[in-house]
1. P(r) tail for the range 1-57, what percent of Cα pairs lie past 15 Å?
2. Please report the antiparallel percentage of the DSSP beta bridges confined to the chain, to the nearest 5.
3. Taking neighbour Cβ counts within 10 Å as the exposure measure, how do Ser95, Ser32 sort from fewest upward?
4. Can you give the alpha-carbon Rg of the range 40-161 over 2.2 N^0.38 Å, where N counts its residues?
5. Lys347: which aspartates and glutamates have alpha carbons under 19 Å from its alpha carbon, excluding same-chain residues fewer than 8 sequence positions away?
6. I need the fraction of alpha carbon pairs in the range 162-301 separated by more than 28 Å, rounded to a whole percent.
7. Mind jotting down the distance between the C-alpha centroids of the range 65-140 and the range 261-290, whole Å?
8. Set the Förster distance to 56 Å, then compute FRET efficiency between Asp244 and Arg133 from the Cβ-Cβ distance, nearest 0.05.
Amino acid sequence: MKRHMHLNLFIHSRGHHEASWRHPAASPLSLSDIRYYQALAQQAEAGLFDSIFLADQLALGDDIAYGPRTALEPITVLAALAVSTSRIGLIATASTTYTEPFNLARQFASLDHISRGRIGWNIVTSWLATAARNYGATAQVSHAARYARAEEFLAVVRGLWDSWADNAELDDRAGGRYANPERIQPINHEGTYYRVAGPLNLPRCPQGRPVLVQAGSSDTGRGFAARHAEAIFTAQMEKTRAQDFYADLKARVVVEGRRTDQALILPGLSPLIASSALEAQRLSEELSALAHPEVGRKRLSGRFGGHDFSHLPLDKPLEPADFPEPSTVEAARSRTEVILDLVRREKLTLRQLLAILAGARGHHTCVGTPEQVADLMEEWFNDGAADGFNIMPPVLPAMLEVFIAEVIPLLQRRGLFRTTYEGETLRAHYGLAEPESQFS
């Protein structure tokens, strides 16, 4: 069977460029207006995307004066999107550090039932130091401790999702039997972080369990992804690095006894598209002119766990010594490594670095014509750098509309992307097997 590209739409703010909220082509709707998310999800479904994805942040950024850092809670949003779409997959972020596993298992199982099997969970360990203070912690949980907790959290949640057999719910009105208790089992988990009896008080999910998604790219994060993730979102700024990540992750998946096609790798791609390369560059410069350098400085600080960059001049070339060593950072460690690699390779000034990060926060950006964007995607897909892409339009909905109208037909004509949905569930879109049940 011919391999096809997978496309996920990452919905973020009014677009992934830091200044997108100010651009005249951005949506006029408030980011707390559910119609904004519904319209984007429906557009992506019309474009035959595999899925949409909502990130989350558990604290308000200190740069709120200069840009929207607010968003509706993603699990709640998915409930609204589940009843306003019919085929597209729906993925929400939820934290293993600041959530209880029984609650999360119920919420995502409920969404999978509501959507008839279209739900995925993006597993995060929550790296923001400010988030810890919102949940009663006096200090941020260390990187190692967050992942140790995540391993146990996932074991509990998977156990709960598997606590009902497919045929446990009888709903036999004439015979007077609603369920077969022998096909419903407690999990009786007692671990380092959690004690959970179970079983879940909800029948087995239509997909067996929601699709498991993960985005960590540190060594620890890669190990976690190789064991558990069925789709991996990753930030890779250039093709050779993406190929290295792809090869390493797929090799780890094999070591874990899994098939490589059951762990899809979807790098972020933020395409700014116009009818000519010159016009695309003009649009890029227009967006950059709307960005505020101090917003970028604050966001860079957050990436490095609150490190103070205020003393660095904007136009002096950066050195690796200007940054903390990534191994000492308890925030998003993989993203700090991406940033430092970029500084070493390109010899950037702080102003130049902030301009690059403003485009898509360390993901790959592409400025050009539809043909140039399609060529780049085909090259990465065929050369072992990606199984598809996490599409991050710089301005929403304008750049999504252009991508659907101009790029997707090119991919379809090249035989790289579907021309119709062939399945009903997110697992079907991604080509993922249904999980085995303990009752099989």
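Just so you know, all these numbers are worked out from the coordinates, no wet-lab data involved. Keep in mind it's a predicted model, so treat the numbers as computed, not measured. Neighbour counts are summed over all protein chains in view; Cβ atoms, including those assigned to glycine, are modelled from backbone coordinates with ideal geometry.
1. 55 percent
2. The antiparallel proportion sits near 20 percent.
3. Ascending Cβ contact count within 10 Å gives the list Ser32, Ser95.
4. Ratio of Rg to 2.2 N^0.38 Å for the range 40-161: 1.15.
5. Leaving aside aspartates and glutamates fewer than 8 places away in the same chain, those within reach of Lys347 are Glu238, Asp315, Glu319, Asp322, Glu325, Glu337.
6. Considering the range 162-301, 52 percent of its Cα-Cα pairs are separated by more than 28 Å.
7. 26 Å
8. 0.95
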